[in-house]
1. What shape does the stretch A:1-41 take by its C-alpha gyration tensor, where a ≥ b ≥ c are the square roots of the eigenvalues and a/c under 1.5 counts as rounded, a/b above b/c as prolate, and the rest as oblate?
2. Taking a point 7 Å out from Cα toward Cβ as the label site, list the nm distances between residue B:163 and the same residue in every other copy, smallest first.
3. What 222 nm value per residue comes from the helices of chain A, counting each DSSP H run with n ≥ 4 as -39,500 (n - 2.57) and dividing by all residues, nearest 500 deg cm²/dmol?
4. For B:62-71, what's the mean count of beta carbons from other chains sitting within 10 Å of each residue's beta carbon?
5. Spin-label point model (7 Å from Cα, Cβ direction): what's the residue B:176 to residue A:101 distance in nm?
6. Would you mind giving the mean number of other chain beta-carbons within 10 Å of the Cβ of each residue in B:119-130, as a whole number?
7. Specify whether the C-alpha gyration tensor of the stretch A:147-228 places it in the rounded, prolate or oblate class, a ≥ b ≥ c being the square roots of the eigenvalues: rounded for a/c under 1.5, otherwise prolate if a/b is larger than b/c and oblate if not.
8. How many angstrom lie between the Cα centre of the stretch B:200-227 and the Cα centre of the stretch A:177-232?
DNA sequence: GGCTTCGCTTGATCCAGATCAAGCGCAAAA
DNA sequence: TTTTGCGCTTGATCTGGATCAAGCGAAGCC
C-alpha cells in the first residue's frame, strides 16, 4: 500500500483518534484491492467478514427483494461502509457494487472488533461515525417520504452547487440512470423532472447543469437543513 | 423514582455494562416525568438537551415538512430514543409525541456525553445500540421501498403473531389510524389492505385479528429476515 | 330514548410516478 | 462512411395509493 493511502485513511475521523499501534495492526491485516466498474463486492445476507473503505472510485449500496432493486446509498472516497454489520458480527443488509473503477481497502471484521474493545479513541470515533450514519439514513428517509420526485432532484442540484462552492455550472458526478436510482425514481421520470425544473431556474445540457436562477430554484424546492445539511 | 424503574433501566443493554458509579450519576441527574396521551415531547430542529427513555406508554417519532407529516418510528417500553442527536450535540431530526399516557425518563445530554468519554463499558454499549438503530432504519427503508402497502400490512401481522408466540388471535397494539401512519399509508388504504388480506388467511374484527392460515399469508407476503427480523 | 362524536369502512375519483414503446443522438467499431 | 449499441428523452398508457365524500356503528352524554 502507498503511504499516501495510509495517511489518507489515518486522517479519516474514524481512524484519527486511535493509538498508532492499533492503527498499524488494522492496516497490516488489511487487503488493498482494485476493482473495475460493475463488480459485485458484497451480497446482502452474507456474513460481514470485512469493513470496507473506498479509497478511489464509487460504490453503490443497493437492496433487492420482491423482484425489485433499489439504491440505498452511494459511497464516495474516502469513506467506510458496512460498519454496523461489522460491529454486530451480523449479515449485510445491503449489497454493494462498484459503479466505476475503484480502489478498496478491506479490513477483517474481527480485527475491527478486537481493536474496538481495547482502544477508547477508536471506540469513541465509531460512536460518532455510527451516529452520523444513522442520521444520514433518517434524512434520506425524510427526503423520500416528504418530497416529490421533482423536489428531490431540485434539492440534489442545490446541494451539488453548494459542494462546488456555488459555481453556476455543475456537472453530474454519475450517469443519469444511476442518479435516478439514487433519488428513488426511474430514469424516465428523472428526465421529466429535469424538464420540469427548467421553468425553475436550471438549464440542462447532457451531464452539465447551469443554475440560472438559484433564488427561484430554492423557492420552489424549499431545501431544509434537517434533510439536506450533511454536516449536522 | 421507584427502585423497580432503576432496575429496569439498569438492565437495558445500553446501561447494563457501565460502572455502577457512572450509572448512579446519570440517574441522579435525570428527571422522571408522566405525560398524558397526545403530548408533544420534542420538536424537530430543537437542540438535543436530553436523552429520553420510555418506561411506560408509547411514543411516536414523526417528521413534518412540505405540509406533510410522516411517522418515522414507534418507541415501546423500555427503550431509549434520540441517542444519536444527544451524542452529536446536534438538533433532533424528528419530533416526538406520546400516543398514550407515558412515563418517561430524561437524562441531560451533557451527562450522557460526559460519561461516554470516561466509561468504556458505556461507550461499547452505545456502539451496539447505535449499530442496532442504524440497521432498524435501513430495514424500515427497505420495507417501504421494496414492498406494496398490502405486503407491509401482512408482514406486520406476521411479526405481531411471532411476538405473541404464534397465537392464532392477535390484538393491534395501537389504533388503526396510527398503525396506518406507521406503515406509511392512509387509514383508508389500511382498511382496504385488511380486506384484501382476508383472501390470504386472516380475519379482521375490530382491533382483533385471527390468523386462519399462516401458510397462505406467508406465501403471499414473503417475509424476509433482512427486513423483518428485528433481532439481527 | 335521541343526539353527538369519533374511529373506521366503503365507494368514487384523482394523481404521481411506473411502465411500455418508440425515437433520437452520439460514440465506438467495422 | 455505415452500423451497432447504449444512454437518454419523449409520448402514451397504466396503476398503486391518495384524496374526497358519504355512510355506519359503537361509546359517551344530555
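Values in this text are rule-based calculations from the coordinates and carry no lab data. The structure displayed is predicted, hence computed values, not measured ones. No Cβ is skipped: glycine too gets one built from the backbone with ideal geometry, and neighbour counts run over all protein chains shown.
1. prolate
2. Copy-to-copy label distances for residue B:163: 3.8 nm.
3. -13500 deg cm²/dmol
4. Mean inter-chain Cβ contacts per residue within 10 Å come to 4.
5. Result for the modelled spin labels: 5.9 nm.
6. For peptide B:119-130, the averaged partner shielding equals 5.
7. Rounded, because the longest to shortest axis ratio a/c is under 1.5.
8. Each part reduced to its Cα centre gives a spacing of 40 Å.
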